[in-house]
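Scroll down for the structure; my scribbles are underneath it.
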Amino acid sequence: MNNQELIALTEEFGTPLFVYDSAKMTDQYNRLVKAFDGIKLNVQYACKALNNQAILKLFNSLGAGLDTVSIEEVKLGILAGFSPERIIYTPNGVSFEEISEAVSLGVRVNIDNLVMLEKFGSTYGSSYPVCVRLNPHIVAGGNHKIQVGHIDSKFGISIHQMRHLTRIVEAYKIHVNGLHMHTGSDILDVGVFLRGSEILLEAAFHFKELEYIDYGSGFKVAYKPNDVSTDIEELGKQLSVQFKEFCKEYGRDLELAFEPGKFLVSESGTFLCKVNVVKQTTATVFAGVDSGFNHFIRPMFYDSYHHITNISNPDGPERIYTVVGYICETDTFAWDRKIPEIRENDILAFHNAGAYVFAMSSNYNSRLRPAQVLLKDGKAHLISRRETIEDLLATQVDVVDLFS
Ligand SMILES: *Cc1c(COP(=O)(O)O)cnc(C)c1O
């Protein structure tokens, strides 16, 4: 969509507004599938990135599986039409009751600690297959806030606990049909994946009934023009060779699974907001927009960079701005950013707004969540409406007599 079409959408649906391009999601999905041509590939969309039913249905229609991290996400996946065996449930720190519920729903279960695995074994024995999440202790990506594979990480069963792990598996005759790792986000280096893979595939020989190896995710996407991103085609080439050799030695053709969130949806999303005020202070020029970290927390939470363009004045002279929100707390989207001259009522576009943006939004400051629109075949479809004040009160109980 060009700038004029995006501005037209803000007139139709109001600001702020999330716009997602289904063609971009489809392209990313197809690109990954193509990179692993000749491999039994299973791309499971990590729906915590963006959990609208329309998005889940899109990926279901493409033939994707679904990666879920809570029982609620499992239920959303089933509701969107995924068959349970296409859903993998990869929780961390949940109760055994929740794991049992996932079993009763028939989804793939991925266990990431020995205590739960032992309970699983004593409850289900060999009657229900299970995947085991290993921590290969690969440190991936530059941003420590999104690394999950390091030695202090709460995720996974340490590769150094292999003896303990196999002892539990043998004692309860647990049917381990999958091995899993997920080492974090923004892994740029194909070599890091290959090293993780080597460790995982070596561990795989401890288990005789494997059907799949799940490499999790962590692909880095471009966050600005000319930014570096994971070379998916190169990864496909190199990992396929390694994986095929392993399958031959293992004696069975296994499925190779991934769980991308960011890779599939980040770049498809654009967040549009309106400039309320341009405020010159002694030190800087602030552009204040009709949104805040209630809608878009990533810059404040992870120091993440989101490219911002002024679609109302794309050819204006560039000036330096600090773009801030309307939340009554420090609420900065971008520091000292060069942007074409910003005027009141201009529409700013925040890029890479597909993953972990709406999904992490809140009602802080009693603000309403924006509408979301999905583009398909040149048409804009509303996939969630803007909230109303009634939505803010929907779960509150009116204790009529308490203070009268
Ligand atoms: C968050 C998560 C993913 C997706 O990670 P991205 O960086 O968005 O691709 C995949 N698997 C698991 C287990 C996760 O927790």
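So here's what we get for this one:
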{"quantity": "Residue 302 paired with residue 227, simple spin-label distance in nm, labels 7 Å along Cα-to-beta-carbon", "calculated": "1.0"}
{"quantity": "Between 0 and 90°, nearest 10: helix 96-105 axis offset from the chain longest Cα axis", "calculated": "90"}
{"quantity": "Degrees between helix 114-124 axis and first principal axis of the chain (Cα, 0 to 90, nearest 10)", "calculated": "60"}
{"quantity": "Kirkwood hydrodynamic radius (C-alpha pairs) into Stokes-Einstein, the chain, 20 °C and 1.002 mPa s, D in µm²/s", "calculated": "94"}
{"quantity": "Nearest-ten-degree value, helix 3-13 long axis tilted from longest Cα axis of the chain", "calculated": "90"}
{"quantity": "Exposure proxy ranking, count of Cβ atoms within 10 Å, fewest first, for 382, 58, 50", "calculated": "382, 58, 50"}
{"quantity": "Per-peptide average of other Cβ atoms within 10 Å, ordering 1-12, 257-268 highest first", "calculated": "257-268, 1-12"}
{"quantity": "Antiparallel DSSP beta bridges within the range 22-262, as percent of all bridges there, nearest 5", "calculated": "5"}
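Since every read-out is calculated from the coordinates, none of them should be taken as a lab result. Owing to the predicted nature of the structure, the values given are computational and were not obtained by experimental measurement. As a convention, Cβ positions derive from the backbone with ideal geometry for all residues, glycine included, and neighbour counts pool all protein chains shown.
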